[in-house]
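The values are calculated or read from the model by the stated rules, or taken from the named source; none is laboratory data. What you see is a predicted model; the values in this text were computed from it and never measured. Cβ coordinates were reconstructed from backbone atoms using ideal geometry, including for glycine residues, and neighbour counts include every protein chain displayed. Only protein heavy atoms, including side chains, enter the accessible area calculation; ligands, DNA and RNA are left aside. Shrake-Rupley method; radii C 1.70, N 1.55, O 1.52, S 1.80 Å.
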Amino acid sequence: MIAFLSALQGCSRAHSQAAAVVRLPPIEFTQQWGVRGTEPGQFENPIGPAMDPIGRVYFADRATSFVQKFEASGIPLLCFEHPAARAADAIAVDSGGAIYLANVRAGIIHLFFPQGDPLRSMRIAPQRNFEGPFAFSIDADGRIYVPDPAGGRVQVFNSRGILLRLWRILPDATEKAAHPFAAVAEAGGAVYVGDTDGRILKYSRDGVQTAGFKSPDWAEGSHLLALAAAARHVFALRSSPLRLEVWSEDGHREVVDTLGERFSAVQSAAYLAADAAGNLIVLDPEARRVLRFRAHLDLP
């Protein structure tokens with residue numbers, strides 16, 4: 001009988017300990033890094049980030065012509081200099097670590113081997129009056145998805161830079177013309193397109209629109225600033241006030257987070273990347289700093 005009571009008390013203690021486990025927030029701030037300067041490992045006028053499949057983070061700096069690679073924790077791994085970085089509007093990286101720099105005004109993407117040696121360049125639709133954010137991506141098969149805001153479409157290229165197809169983005173419900181600025185390929189096979197009107201559109205890799213969603217509290221003056229996709233979720237940065245939205249792949253908004261109001265002064269320029277391990281990397285270019293968050297989205 002005494003042994004039975006002791007066992008029962010042990011079960012009670014175990015239950016209490018399990019009940020006391022602290023549930024992690026959906027979006028957890030983990031660290032901040034980045035130093036202003038013009039030396040390797042520092043930032044002066046950065047754009048990015050891009051993330052490769054194992055979570056390394058890439059930036060280009062328009063002030064120094066540097067292209068840089070870091071661990072997600074901020075440890076520098078690579079820095080090389082190239083004139084293309086001075087006019088770069090966006091950076092992307094493919095599954096093999098090749099680096100892509102887009103100059104959208106000139107309509108050109110420069111490709112580099114993983115260690116920084118030039119590989120080739122490819123032509124895209126130029127954006128003569130381009131203003132605002134821009135994001136392109138490369139899927140696991142090497143297809144390159146490039147938005148064409150002026151043309152209201154997305155361009156799809158193969159790994160050699162040959163145009164395969166054009167996706168026409170339909171106007172919104174008010175017949176306002178689409179101006180897609182982001183085309184983000186997700187490892188599961190979908191491509192998410194961000195439009196300046198605030199819409200996020202989901203496409204198959206064959207160009208068939210399968211879903212579309214927009215914030216229920218979207219208002220005039222609110223802008224979609226950045227878009228990323230990883231681990232069956234879509235991450236969107238919006239302004240006025242700046243906040244992160246997390247959407248499921250079927251279009252349900254699951255989280256709205258102000259990121260601790262760390263970006264309260266940013267209204268028009270912030271950059272976002274995510275990986276399958278749950279890392280979220282946000283660049284605040286004005287402060288020359290990188291904030292790293294952890295997404296805990298599959299907890300019961």
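Summary table
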| item | result |
| --- | --- |
| Total formal charge among the other residues, if their Cβ is under 13 angstrom from that of ARG294, Lys/Arg +1 and Asp/Glu -1 | -3 |
| GNM flexibility winner over the chain from ALA72, ALA88, ALA277 (Cα, springs under 10 Å) | ALA277 |
| Mean separation of Cα contacts under 8 Å, 6 or more apart, over the residue count of the stretch 158-300: relative contact order % | 13 |
| Projected area, mean over directions - the chain, Cα convex hull, nm² | 18.5 |
| For the chain, size of Cβ-based charge dipole, Lys and Arg +1, Asp and Glu -1, in debye | 220 |
| Choice from GLY142, GLY152, GLY260 with maximal GNM fluctuation in the chain (Cα, 10 Å cutoff) | GLY260 |
| Neighbour cut-off at most 15 other Cβ (10 Å), DSSP loop, trypsin sites (Lys or Arg not before Pro), the stretch 116-180 | ARG128, ARG160, LYS176 |
| Average accessible area per residue (Å²) across the stretch 42-189 - probe 1.4 Å, nucleic acids and ligands excluded | 42 |
| Global geometry of the stretch 110-238, whether rounded, prolate or oblate, following the gyration tensor of its Cα atoms and the 1.5 cut on a/c | prolate |
| Separation in nanometres of the label points that stand 7 Å from Cα toward Cβ, at SER204 and GLN115 | 4.2 |
| Protein accessible area in the chain, 1.4 Å probe - carbon and sulfur % | 53 |
| log₁₀ of I(q)/I(0) at q = 0.09, 0.14, 0.18 Å⁻¹ - the stretch 146-300, Debye sum with one point per alpha carbon | -0.28, -0.69, -1.13 |
